[in-house]
Every structure is written in C-alpha cells, then in structure tokens.
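Structure first, commentary second.
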Number of protein chains: 2
Amino acid sequence: MPRIAKYDRDKALESAVNLFWERGYGGASMKQIEQALDMRPGSIYATFGSKDGLFREALDVYAGRMSRSLAEAMATAPSTMGGVFNYLRSLTGEITAPDSPARACMVVKTLLEVTEDQQELRALVNERLQAVEDHLTGLLEQAHQRGELKADVDCRRLARLIQAQIMGLRSLAQRDIAVEDIKILAEDIITALGAFTQDPVSH
Amino acid sequence: MPRIAKYDRDKALESAVNLFWERGYGGASMKQIEQALDMRPGSIYATFGSKDGLFREALDVYAGRMSRSLAEAMATAPSTMGGVFNYLRSLTGEITAPDSPARACMVVKTLLEVTEDQQELRALVNERLQAVEDHLTGLLEQAHQRGELKADVDCRRLARLIQAQIMGLRSLAQRDIAVEDIKILAEDIITALGAFTQDPVSH
DNA sequence: GTATAACTTGAGTGATCACTCAAAAACAGC
DNA sequence: GCTGTTTTTGAGTGATCACTCAAGTTATAC
C-alpha cells in the first residue's frame, strides 16, 4: 500500500486547488494535473474518479478555506459590519500574496467559465455562493437586532450587495493593477457600504 | 466572389461575439465556430487568420457595444453620476434579456480565463478595462468641477470603484438568481455609491 | 516466506483540438 | 462564353484531449 491515504490525498488536493484556481477547469490539462499532484493518471482516476470529481473536491477545499477566512475576520471585530470590513482588508492581503494562484475568486472564475452543458458543476457553484449569502444574511440579521444597521436595511439584500462587492474587488484585482490600488479600492468599498451602517465608518 | 466582404464579415463577427461571450475563448471549439458563423475552416482562417485573431476582433466589437451603451446612458442624464446610475439600471435590462449570451461581461470573463501563457490576450483585456477607467475618470473630473461630487472625492478612485461595481453586479447576476433581485442589487449599488455624490440619490 | 490484496505505473485508447491545402466553385473583365 | 482571379470547400494534418487497463510494485496477513 504505497499511498498513505489521508495525508497524501489532502496534499494532492491542495495542489489541485492551486492549479485549478490559477488555470480554471478547462484550462488545466490532465498532463498538468499529473505534474502538479505528482501522480500518474491511473492513481488520479482511482483516487478521484475523474477530472470532474477532482475539481469538485478541490472546489470544496477552496470554499472551506474561504469560509474559514471569513469566520476569522468576523471573530476579530466587535460588530458584524466591522467584521466584513476586516475581511475585505485581510482579503486584499491574501490575494496579493506573491504565491496566490490568482486574485479573482476560484468560485467566481468557475461561475463565469461553466457552460450550460455542465449543469451539475454550475449547480455546485450556485449552491456554494448561496450558502455564503445565507450565512452572511444570518449574521447581518443579528447585527440588525443589535441596532448596528440602519433600521430599514434588508439583510438579504445587504448580504448580496456584500457578495457583489467581494466579486467586484477580486475581479478588478485580477487586472494589471498595483497592490496599493487594490487596498485603496477596498477602503472605498468600505466607505460605500457605510451607507448601510448605523455608525459612521472609521478609517 | 461568393462573399460580399464587409457585410458578411460583420455578420460573422456578431455571431462570433455571441458564441465567445457565452462560452469563453477556450470553451468555444472551431467546430462550434464553424457552425455559428456558417463558414468552413478555410474561409474562417482566410478572413480572420486564426481563432485568436477572430476572438480579438470579437472582443473589440463587444467593447465597442459596451462603450456605446455607456455613452447612451450618460447622454440621457443631467449629471454624470446620474448617467452612471442610468447605465446600471439599463444594464440590468440588457443582461437579463432572454437572448443575452451571458449576464457577466465578456471582457471580465476573458480577464478571469486567460492564463500567463496568453500574455497578448491578457494585455488586450487590460487595455480595454484601462480605457474604460480612463474615460470614466475624465467624465467624473468634469462632474467634480461642476460640484456634483463631494469635494474630497478622488475621481480615478471613484472610476475604479464604479468599474468594480459593474463587475460585481454582472458576476453576481451570472448566479442562478431572479431578474427582480438583480434590479434590487443595482438599486443598492446606486445607494452605496451615493456616499460620493453631493446631492442625495433619488429613487 | 509465501500468498493475497491494494495500489501505482505508463503506454496506449478513440475522440477532439486548432489548423492546412489542393481542388472545386463563383465571380469579374472582355 | 471564355480566361484569370478570388474565394470556398471539406477531407485530412499532427498534436493533444480525458481516460483505461494489463502488468508491475509494495504493502499486509499468517
């Protein structure tokens, strides 16, 4: 049994995340996957079933990372929107790291890549984004009850607006643009979102 | 000479835009292109040089459409930011039309699709997005001089923020989401951008 | 030490990729 | 209606695509 199941599997998945995040599903060939995972085709197919199966697992790993990153940022702030602003700021640091496979979000890249003949993958992506929206909506509803948000704010609408902000920030960051300008954009997004908070945004 | 040059060339390009916009560069095969343009490979290569050449021309056509659409929206508003809000509202109508190849922007889809071994295409996309930013910056500077924006607003920063809003709106619209919710998101984006205007946003 | 099971290997599968080019077809000039 | 030029055609190019499987290797069981 040359393969120590759990450890090597997770290590391979991490490599798959990095490759798919950088190149997308269609942009990553099996030859590149073999090289990135240091596995031969037979092993890959025995372990993950198909390129599709590997990608779905990689997307899950990536989504898990995202959720964890958001949860950490929320935990270090006294208010919910403060946590969101924390997240936007820490995000700019993460995506501009020199070893980041891409600045844009892997889930959004997949959302824009999938065609109608990949309905299952499209459904998976939609579920992931819906889950983020739902989670964020719940957090905002608590904040709303604590009086952190303006009284007439619709929490689900605000959750979607925040998700759109993250998509916009990270997509624009994919342009040939300086790190400093991305940080500035994040601050401007925070300023704009201040329209929905009770207290004025601090800088 | 069975091909009436100009007319058929433009018609073919329109078809190419629709196919590439929907499926992306890598997602559109030559077989699908042949079918969409109703041309055989030899004619396509004689006319456009390569798949890459065809895509670049299609991207130009699309970018031209975008610019025209923005200019029209700006023309029907008394103020610059009012024109931007007009554009965001008309955009939701355009991208939710049943015959729209995709809701997300073709330029952004390309931006997120291209890898580092496609530097020329990446450069072309960056140029197009930079041109939009520059154009918007110029318009906002006029508005700033007319006192339409808050005194401390940086017009280039605001232009980038607006571009990020468009990217975010159209990317989120690519989700499995109702048309009405996209319109609501556009209104919330307009509200958020109100943080930078002198006069309060009207609804 | 031997048998059995678990797993990896990598050459090879047919299909599809972007692309080519000799031959046929459709035109213009006269 | 014939000639010369331009354009279209579509079978065919080698390369690469995702994927398979018989054979080989490495582990465990006893």
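Derivation of every value follows stated rules applied to the coordinates shown; laboratory data play no part. All values derive from a computational prediction rather than experimental measurement. Positions of Cβ are generated from backbone atoms using ideal geometry, with glycine treated the same way; all protein chains shown enter the neighbour counts.
Quick notes
- Residue under evaluation A:Asp188, criteria (1) more than 8 Å from chain B (Cβ to nearest Cβ); (2) without any contact (Cβ under 8 Å) to a residue 24 or more places away in the chain; (3) under 17 Å from B:Asp188 (Cβ atoms); (4) among the acidic types (Asp, Glu), criterion not met: (1)
- Boolean, B:Glu94 is in contact with a Pro (Cβ under 9 Å, 6 or more places away or on another chain), without any contact (Cβ under 8 Å) to a residue 60 or more places away in the chain, of a type outside the set (Val, Ile, Thr) and part of a helix (DSSP H, G or I): no
- Considering the range B:40-83, the residues that are more than 16 Å from DNA strand D (Cβ to nearest atom) and part of a loop (DSSP other than H, G, I, E, B) include one that is farthest from the other protein chains (Cβ to nearest Cβ), namely B:Thr76.
- The sole residue among A:Gln163, A:Gln119, A:Gln145 that is within 17 Å of A:Tyr62 (Cα to Cα) and among the polar types (S, T, N, Q) is A:Gln163.
- Residues in the range B:25-39 that are surrounded by fewer than 20 Cβ atoms within 10 Å (Cβ to Cβ), assigned to a helix (DSSP H, G or I) and within 11 Å of DNA strand D (Cβ to nearest atom): B:Met30, B:Lys31, B:Glu34.
- Top-ranked residue of the range B:166-180 - restricted to ones that are charged (D, E, K, R) and facing chain A (nearest Cβ under 7 Å), ranked as farthest from B:Glu133 (Cα to Cα): B:Asp176
- Residue check, A:Asn86 in a helix (DSSP H, G or I), farther than 30 Å from A:Gly194 by Cα and away from DNA strand C (no atom under 16 Å from the Cβ): no
- Residue match in the range A:144-165 (condition: out of contact with any Phe, Trp or Tyr (no Cβ under 7 Å at 6 or more places or on another chain), crowded, with 17+ Cβ neighbours inside 10 Å, outside any helix (DSSP H, G or I) and at the interface with chain B (Cβ under 8 Å from one of its Cβ atoms)): no
- For A:Phe20: the one exception among (1) within 16 Å of DNA strand C (Cβ to nearest atom); (2) buried (at least 18 other Cβ atoms within 10 Å of the Cβ); (3) within 20 Å of B:Gly24 (Cα to Cα): (1)
- Any hit, the range A:117-129, residues being surrounded by 15 or more Cβ atoms within 10 Å (Cβ to Cβ), within 15 Å of DNA strand D (Cβ to nearest atom) and closer than 28 Å to B:Gly27 by Cβ: yes
- Contact map, the range A:146-165: first residue closer than 17 Å to A:Gly83 by Cα, second residue surrounded by fewer than 21 Cβ atoms within 10 Å (Cβ to Cβ) and of a type in the set (Gly, Ala, Ser), Cβ cut-off under 6 Å, separation 6 or more or different chains; pairs are A:Glu148/A:Ser79.
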